[in-house]
Amino acid sequence: MFVTGVGVVSSIGLGKAAFFRALRAGKTGISPVASFDASSLGRQLAGEVRGFEARDHLTLAEQRRVGRCSAMALAASRMAVDDAALDPSRLDAVRVAVVLGTTMGEAEILGDLEHDWIVGGPTAVRRASIPRYGSTLLPIHVARAVGARGMVLTLPAACAAGNYAIGFAADLIRRGRADVVVTGAAELIQELQFSGFVRLAAMASERCQPFDLNRQGLLLGEGAGLLVLESEEHAVRRGARLQAEIGGHALSCDAYHITRPHPEAAGSITAMRDAIARSGLVPADIDFVNAHGTGTRHNDAAESKVVREVFGGRRVPISSMKSMLGHCMGAASALEAIGCIFTLETGLYPPTIGYDTPDPECDVDVVANVARAGKSDVVVNNSLAFGGYNSVAIFARPGLLAPPRPPVSGTAA
Amino acid sequence: MNPLAITGAGVVSPVGIGRAAFGDAMRSGALPESFDRPTTFDGTKYPRTRAAEVPDFDASKYLGDKGLRALDRLTKLLVVTARLALHDAGLKRDGLWTAGSAERVGLVVSNAYGSLEAITELDRVATLEDARYINPSRFPLTVSNTAAGYTSIWEDLRALNVSVSDGNCGALDAVICANMLLEQGRADALLVGGAEAMSEAIALAFDRLGALADGAFLGEGAALLALEPLERARARGAAIVATIVGHGAAFSPPEREATLVYGSAESVERAVREALAEAEVEPADVDAVVSGASGLGVFDTAELEGIDAVLGASGGDGCVLAPKRALGETFGAGGAMAMLAAATLLSDGSHSHVLRGRLRASPRTALVTAMGYYGNASALVLRHFSR
């Protein structure tokens, strides 16, 4: 199955073209938090999306229905459908599904409901806002916007949610359950999550510096990355431009710690090998790894171990877009998947900005500070999440993966 | 789809803990001990909203005392349920693997609202004191896949861990996820179902909306089915409770653009048709429908309308069951309890919560339906299994 369209709402650009320009330039989306008062927390930076106005993308009725997270998802879905040159009126709507990832969904609606309740008691809670909260709602709003009538599903796989959604969307097509799936993920920064990461001592004060010796932790980000996936038959029949082929994807679970990756990273190594094998490839075929790269001590060390283990002596280039965007939680791996498409389309690896000092614990070939040109036929999107979730997806230049693509029989260890 | 064998189940519900007790309750028609004395919050504040908890739920009876303090109610419900399911399916005995292994067994869990308990707890501290005082060890609980993540840790399930959310339809959708994962050889066995915990926030929401006026009530709990490819289950000599042979899911937009909350009969109809077609079952061969009817009038009406559009006069004796009469509305867990109710029906032929019609003797095929609040619906077909 193929990616035929992408849409982006991010702190470094709205729309695919602006997003690609920013990835090429190594632009930062980090700025002082403006949407709430973070002054007591001792941290004030995040990758908030600026210049996104729901009214520029949504109808009046939609603006009344949705919260900010769905608004970003909905806007990105319209961009993706436009980019795919899909004509909704010519789609067989019941064969179109919507599968989205998120961690908290409409978090600001819940935050407002809770605030009103805690301050003013039960009767202060606004009735009309209650049904507007729910993780179910993101794909519902998107399905209504793009005219989909098939399955709607949210995969709340925390910080790996985007990859989970894309992998599941690919499975739906692979198993003949849909012809087209609008997929990806959306997330917004909300005070509770910001405070939580500060209290976990996971947040940097100045910069997010993945793989750097002096890295201090993550910064939060937000945004939406949506993709149109189509079966080969459907895409070819309508003459769609194929942007990327989805190869194998793989999952595993550490069953070790609720927030930290396993230090030996066995589950993550298994998942990366499995995803490559399911694409009918070997590690030598992989040109670039779009890393999870949060900028925390534990994550980057464990992820470096995975890359060294899977690729042996070969130093495969690796980079973390979180250096530019911050950690967009549920949306992170969806935006990084679109970063994989950037690499396939431009032949460039996005840079890890703010990279100063190599860390012996992260002995990998980091694409430091400026985008690098290199072979760009097959790339890996790696993501991890709270709960010990590991998820890996492979993106390839269209037509490159050998049929039958990809194998469906199990190779999991 | 290739048939999936249900080789066991775990369940924690207001009318019983464990598959046997749950089955007894479905047969006897037992109702919750109490509808209006929740322990998780002061029920007198919400007189219009009846809530049935799992009575005297004590996770330490199943899990021991160590490590429970870090967990919220949702997580405890799910971990206990997983432990019961692994034991019931013969995958583990006394905590040790007897069939399968940690690397080849995983979890697919539906949940609709996450841990509102933990979110509210932290929001209270942040609002009434200061965000810098929130408890970092409680923060991960606010993330909705945390209950599933802890369950993998407690039960050592490493093949994969998937959380799904589709409101009341999520647990049925979890089966379609699990089916595709098993078909692709990503695991040998999966625990599949859903969990939802009682919380004041949910009670408050339904009370403010006046949504439970028709006699519906809120429930809580978790149910997980152990699912394996039929051939594998047979080969290992597992006791097979029933099989799952078809699935459908659909969404339909409302007539008016301004509408947000509605039940779609069209979605139910399409989901049922898709599930029956996949199962290669004729409408006349459906012996009973285990519905999601909960007492919420407009939704129940639309669900029945969608069922009738497919089964109509040919739908057996029009027998529709409503286990939520005893279980209450458990959102993300509801479909999992309905599947277990259907599996129980197919293995022993009796059920108390008949909403409509007459139950045929020796039912062989059951349809399970679920209806969301936003135009979504899902359906599953279960078959009696005979050796």
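Which count do you get for residues in the stretch A:67-91 that are within 14 Å of another protein chain (Cβ to nearest Cβ), in a loop (DSSP other than H, G, I, E, B) and of a type outside the set (A, V, I, L, M)?
1
Out of the residues in the stretch A:222-241 that are among the charged types (D, E, K, R) and crowded, with 24+ Cβ neighbours inside 10 Å, which is farthest from residue A:92 (Cα to Cα)?
Out of the qualifying residues, it is A:222.
Take the stretch B:329-386 and flag every residue that is without any contact (Cβ under 8 Å) to a residue 60 or more places away in the chain and of a type in the set (Lys, Arg).
Of everything in the stretch B:329-386, those that are without any contact (Cβ under 8 Å) to a residue 60 or more places away in the chain and of a type in the set (Lys, Arg) turn out to be B:356, B:358.
Given the options A:135, A:129, A:205, A:195, name the one that is within 18 Å of residue A:68 (Cα to Cα), modelled with pLDDT of 95 or more and of a type in the set (Ser, Thr, Tyr).
A:129
Anything in the stretch A:133-161 that is assigned to a helix (DSSP H, G or I), within 7 Å of chain B (Cβ to nearest Cβ) and over 16 Å from residue B:163 (Cα atoms)? List them, or say none.
A:140, A:143, A:144
Considering only residues that are within 14 Å of residue A:3 (Cβ to Cβ) and touching an Asp or Glu at 6+ places or on another chain (Cβ under 6 Å), which ones fall in the stretch A:231-280?
Hits for the stretch A:231-280 are A:231, A:234.
Could you tell me whether the stretch B:155-165 includes any residue that is of a type outside the set (A, V, I, L, M), at the interface with chain A (Cβ under 7 Å from one of its Cβ atoms) and part of a helix (DSSP H, G or I)?
No, that holds for no residue.
Would you call residue A:319 polar (S, T, N, Q) and either within 21 Å of residue A:277 (Cα to Cα) or without any contact (Cβ under 8 Å) to a residue 24 or more places away in the chain (or both)?
So residue A:319 fails the test.
With respect to residue B:132, is the statement that it is outside any strand (DSSP E or B) and out of contact with any Cys (no Cβ under 7 Å at 6 or more places or on another chain) true?
Spelling it out, residue B:132 is indeed outside any strand (DSSP E or B) and out of contact with any Cys (no Cβ under 7 Å at 6 or more places or on another chain).
Tell me the residue from B:297, B:372, B:335, B:328 that is modelled with pLDDT under 95 and not aliphatic (A, V, I, L, M), please.
B:297
Conditions: (1) small (Gly, Ala, Ser); (2) more than 8 Å from every other protein chain (Cβ to nearest Cβ); (3) outside any loop (DSSP other than H, G, I, E, B); (4) touching a helix residue (DSSP H, G or I) at 6+ places or on another chain (Cβ under 7 Å). Residue B:137 meets all but one. Number of the miss?
Of the numbered conditions (1) small (Gly, Ala, Ser); (2) more than 8 Å from every other protein chain (Cβ to nearest Cβ); (3) outside any loop (DSSP other than H, G, I, E, B); (4) touching a helix residue (DSSP H, G or I) at 6+ places or on another chain (Cβ under 7 Å), the odd one out for residue B:137 is (3).
For the stretch A:101-132, which residues satisfy the criterion of being of a type outside the set (D, E, K, R), over 26 Å from the mean Cα position of the chain (by Cα) and within 7 Å of chain B (Cβ to nearest Cβ)?
A:115, A:117, A:118, A:119, A:122, A:125, A:130, A:131
Just one of B:144, B:152 is within 7 Å of chain A (Cβ to nearest Cβ), assigned to a loop (DSSP other than H, G, I, E, B) and under 16 Å from residue B:76 (Cα atoms); which is it?
B:144
Against the conditions (1) in contact with a Lys or Arg (Cβ under 7 Å, 6 or more places away or on another chain); (2) among the polar types (S, T, N, Q); (3) crowded, with 20+ Cβ neighbours inside 10 Å, where does residue B:98 fall short? Just the number, please.
Among (1) in contact with a Lys or Arg (Cβ under 7 Å, 6 or more places away or on another chain); (2) among the polar types (S, T, N, Q); (3) crowded, with 20+ Cβ neighbours inside 10 Å, the lone unmet condition for residue B:98 is (3).
Can you name the residue in the stretch B:92-116 that is in a loop (DSSP other than H, G, I, E, B) and over 21 Å from the mean Cα position of the chain (by Cα) and, of all such residues, is nearest to the other protein chains (Cβ to nearest Cβ)?
B:101
Select, from B:192, B:162, the only residue that is within 16 Å of the chain's Cα centre (by Cα), free of Cβ contacts under 8 Å to residues at least 60 places away in the same chain and on the phi < 0 side of the Ramachandran plot.
B:162
For residue A:165, indicate whether it is buried (at least 22 other Cβ atoms within 10 Å of the Cβ), at the interface with chain B (Cβ under 8 Å from one of its Cβ atoms) and in a helix (DSSP H, G or I).
no
Give me the residue from the stretch A:242-264 that is surrounded by fewer than 24 Cβ atoms within 10 Å (Cβ to Cβ) and among the aliphatic types (A, V, I, L, M) and, out of that set, nearest to residue A:79 (Cα to Cα).
Result: A:242.
Among the listed residues A:247, A:239, identify the single one that is away from chain B (no Cβ under 11 Å) and touching a residue at least 60 places away in the same chain (Cβ under 8 Å).
Selected residue: A:247, the only one of A:247, A:239 that is away from chain B (no Cβ under 11 Å) and touching a residue at least 60 places away in the same chain (Cβ under 8 Å).
Quick one: would you say residue B:126 is surrounded by fewer than 24 Cβ atoms within 10 Å (Cβ to Cβ), of a type in the set (A, V, I, L, M) and without any contact (Cβ under 8 Å) to a residue 60 or more places away in the chain?
Spelling it out, residue B:126 is indeed surrounded by fewer than 24 Cβ atoms within 10 Å (Cβ to Cβ), of a type in the set (A, V, I, L, M) and without any contact (Cβ under 8 Å) to a residue 60 or more places away in the chain.
Check the stretch B:71-89 and report whether any residue there is more than 17 Å from the chain's Cα centre (by Cα), more than 17 Å from residue B:343 (Cα to Cα), part of a loop (DSSP other than H, G, I, E, B) and touching a residue at least 40 places away in the same chain (Cβ under 8 Å).
yes
Pick out the one residue from A:50, A:64 that is more than 21 Å from residue B:121 (Cβ to Cβ), basic (Lys, Arg) and either within 24 Å of the chain's Cα centre (by Cα) or outside any helix (DSSP H, G or I) (or both).
Criteria check complete, one pass: A:50.
If we scan the stretch A:49-62, do we find a residue that is without any contact (Cβ under 8 Å) to a residue 24 or more places away in the chain, of a type in the set (S, T, N, Q), touching a Ser or Thr at 6+ places or on another chain (Cβ under 9 Å) and surrounded by fewer than 19 Cβ atoms within 10 Å (Cβ to Cβ)?
no
Can you name every residue in the stretch A:168-187 that is over 18 Å from residue A:383 (Cβ atoms), facing chain B (nearest Cβ under 8 Å) and not basic (Lys, Arg)?
Within the stretch A:168-187, just A:172 meets the criteria.
Quick check on the stretch B:204-253: of everything there that is basic (Lys, Arg) and in contact with a strand residue (DSSP E or B) (Cβ under 9 Å, 6 or more places away or on another chain), which residue is nearest to the other protein chains (Cβ to nearest Cβ)?
Step by step, filter the stretch B:204-253, then rank; the result is B:232.
Residue by residue, here is whether (1) of a type in the set (A, V, I, L, M, F, W, C); (2) in contact with a Phe, Trp or Tyr (Cβ under 8 Å, 6 or more places away or on another chain) holds:
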residue	(1), (2)
B:228	no, no
B:234	no, no
B:237	no, no
B:245	yes, no
B:250	yes, no
B:253	no, no
B:256	no, no
B:260	yes, yes
B:270	no, no
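The values are calculated or read from the model by the stated rules, or taken from the named source; none is laboratory data. Here the structure is a predicted model, which is why all the values come from computation and not from measurement. Cβ sites come from the backbone with ideal geometry, for glycine too, and all protein chains shown count toward neighbours.
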